[in-house]
Amino acid sequence: MTKQDPTESSNNLSSHLKWTSALGIASIFAIGGLIYGVFVTSLGFYWDDWPVVWVYNAFGSPGVAAYFAGQRPAYGWVIAHVAQMLGIAPVGWKPNSKFCDRVLSFPSGDLQSRASSTAKNLRP
């Protein structure tokens, strides 16, 4: 009877868990895509999308950039330029808007968390 090396069995278990986790995550995305993908064409604008749609239709891309200039200038610039390519339709608008929200808000969220942790360290 041969003894099995303990590091070999832990490596096998580790690779099995990685494979199982990746398969589980891929399955969740696939099922979600099948369930919600059917309804992509029936997406509409949400209440907070309408002002931006109106500004784009009334003033064009420069108007959208000016609309966001005070609060979120990078978001306004991106939306103004991407709207020229995709147009204002819910199917292109929602993914673009959500992507920009997540990507462009990451640096500010990181700065906010750093500022709050610094403020906590300064308290007596």
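Neighbour counts of C-beta atoms inside 10 Å place 78, 91, 64 in the sequence 91, 78, 64, starting with the fewest. Applying a DSSP loop filter and a limit of 13 other Cβ atoms within 10 Å to the chymotrypsin sites (Phe, Trp or Tyr not before Pro) in segment 32-106 leaves 39, 46, 47.
Bear in mind that the values in this text are calculations on the coordinates, not laboratory data. Every value quoted in this text rests on a predicted model; they were computed, and no experiment measured them. All Cβ positions, glycine included, derive from the backbone under ideal geometry; neighbour counts span all protein chains shown.
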